[in-house]
Amino acid sequence: MEPTDSAPATSNITVLRGEPLVVISDVDKHYGELHVLKKINAVVNRGEVVVVIGPSGSGKSTLCRAINRLETIDAGVITIDGVKLPAEGKALAKLRADVGMVFQAFNLFAHKTVLENVTLGPIKVRGLSKAEAEEKAMVLLERVGVANQAKKMPAQLSGGQQQRVAIARALAMDPKVILLDEPTSALDPEMINEVLEVMINLANDGMTMIVVTHEMGFARRAADRVIFMAEGEIVEETTPEQFFTNPQSTRAKDFLSKIL
Ligand code: ADP
Ligand code: MG
């Protein structure tokens, strides 16, 4: 996606595109006997939108979780903006704040209002005052189209609205990159588009994004690259156009024949 001229004033989205932001080098992981990530190498550049696609169980979520160290890895190195993932402590909290994460199941704090969901991180981790955090949160909630829900509890919102709150919550930390792991797969069909629209707008604004999704429409409209994973390996890495019209590997052809 090419950046648009007008980056929103509320974000710190950088205009420096193209340099490596997330670098994954020889990353290996087992769950017991299961070799879930096999020497994964990938680079996501600043401002890029990378779609990760692949059969269930291929290691996509594990890879996302490894990138903000919700999972440990057995071997290899992951760097975010040149900084190696720290093991723990304050440095890890800081790094996690640089990597926004949006999950399939929204994962909002159920006992906090929508507004509190979005202000909590900036107050705790970024040191914003309550007033600053609320002002910022309202701008972001407006941006994802749910500002009028700010006082409600998550359970009072539709799935699509909750997921848009989750995106606003991730953005509130001014992350350098955001990871979205199947953000629309738990949604009723009529709510998928409202979330995809928000994601497409983010991509247009120049946000660096790693998106696990099977939504081909999103990939074609927003992705710079598609990474196809199967059985813990990156099998293909190409443009969305190439991937969907002319997959090279048997595994990708098989996979596409099932989802398309
Ligand atoms: P995907 O997101 O591509 O569907 P996952 O990364 O969730 O794949 O899972 C990859 C494999 O690792 C699957 O076989 C899954 O069952 C297994 N797995 C995932 N998490 C765990 C865990 N915490 N412990 C053991 N096995 C796991
Ligand atoms: Mg998954």
Filter the stretch 152-163 for residues that are without any contact (Cβ under 8 Å) to a residue 60 or more places away in the chain and either surrounded by 16 or more Cβ atoms within 10 Å (Cβ to Cβ) or within 12 Å of Val118 (Cβ to Cβ) (or both) and give the result. Met153, Pro154, Leu157, Gly159, Gly160, Gln161, Gln162
Restricting attention to the stretch 14-29, and to residues there that are farther than 18 Å from Asp98 by Cβ and in contact with an Asp or Glu (Cβ under 6 Å, 6 or more places away or on another chain), which single residue is nearest to ligand 2 (Cβ to nearest atom)? Lys29
Exactly one of these conditions fails for Ala186: (1) over 26 Å from Thr79 (Cα atoms); (2) without any contact (Cβ under 8 Å) to a residue 60 or more places away in the chain. Give me its number. (2)
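Residue-by-condition table, conditions (1) modelled with pLDDT of 95 or more; (2) more than 16 Å from ligand 1 (Cβ to nearest atom); (3) within 25 Å of Leu70 (Cβ to Cβ):
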position: Arg96; (1), (2), (3): no, yes, yes
position: Lys112; (1), (2), (3): yes, yes, yes
position: Thr119; (1), (2), (3): yes, yes, yes
position: Ala150; (1), (2), (3): yes, yes, no
position: Gly159; (1), (2), (3): yes, yes, yes
position: Gln163; (1), (2), (3): yes, yes, yes
position: Pro189; (1), (2), (3): no, yes, no
position: Leu196; (1), (2), (3): yes, yes, yes
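Kindly indicate whether Lys90 is within 25 Å of Val198 (Cα to Cα) and out of contact with any Cys (no Cβ under 6 Å at 6 or more places or on another chain).
Considered against the rule, which asks whether it is within 25 Å of Val198 (Cα to Cα) and out of contact with any Cys (no Cβ under 6 Å at 6 or more places or on another chain), Lys90 comes out as no.
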Kindly list the number of the only condition in (1) open to solvent by 50 Å² or more (accessible area, probe 1.4 Å); (2) in contact with a Ser or Thr (Cβ under 8 Å, 6 or more places away or on another chain) that fails for Ala230. (1)
Quick check: anything in the stretch 186-203 under 24 Å from Asp81 (Cα atoms), open to solvent by 20 Å² or more (accessible area, probe 1.4 Å) and of a type in the set (Asp, Glu)? no
Among the residues of the stretch 131-147, are any in contact (Cβ under 8 Å) with a residue 40 or more places away in the chain, within 26 Å of Val23 (Cβ to Cβ), surrounded by 21 or more Cβ atoms within 10 Å (Cβ to Cβ) and not aromatic (Phe, Trp, Tyr)? no
What residue, among those in the stretch 41-60 that are open to solvent by 50 Å² or more (accessible area, probe 1.4 Å) and within 14 Å of ligand 1 (Cβ to nearest atom), is farthest from Asp254 (Cα to Cα)? Gly57
Which members of the stretch 55-80 meet the condition of being of a type in the set (Gly, Ala, Ser) and more than 9 Å from ligand 2 (Cβ to nearest atom)? Ala66, Ala75, Gly76
Given the criteria away from ligand 1 (no atom under 16 Å from the Cβ) and open to solvent by less than 50 Å² (accessible area, probe 1.4 Å), does Asp224 qualify? yes
Please go through (1) at pLDDT below 95; (2) farther than 21 Å from Ala222 by Cα; (3) open to solvent by less than 50 Å² (accessible area, probe 1.4 Å); (4) of a type in the set (Val, Ile, Thr) for Ile13 and return the number of the only condition it doesn't satisfy. (2)
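The values are calculated or read from the model by the stated rules, or taken from the named source; none is laboratory data. These numbers were taken from a predicted model, which means no experiment stands behind them. Cβ atoms come from the backbone with ideal geometry, glycine included; neighbour counts cover every protein chain shown. Remember, those area values only see protein heavy atoms, side chains included, never the ligands or the DNA or RNA. Shrake-Rupley method; radii C 1.70, N 1.55, O 1.52, S 1.80 Å.
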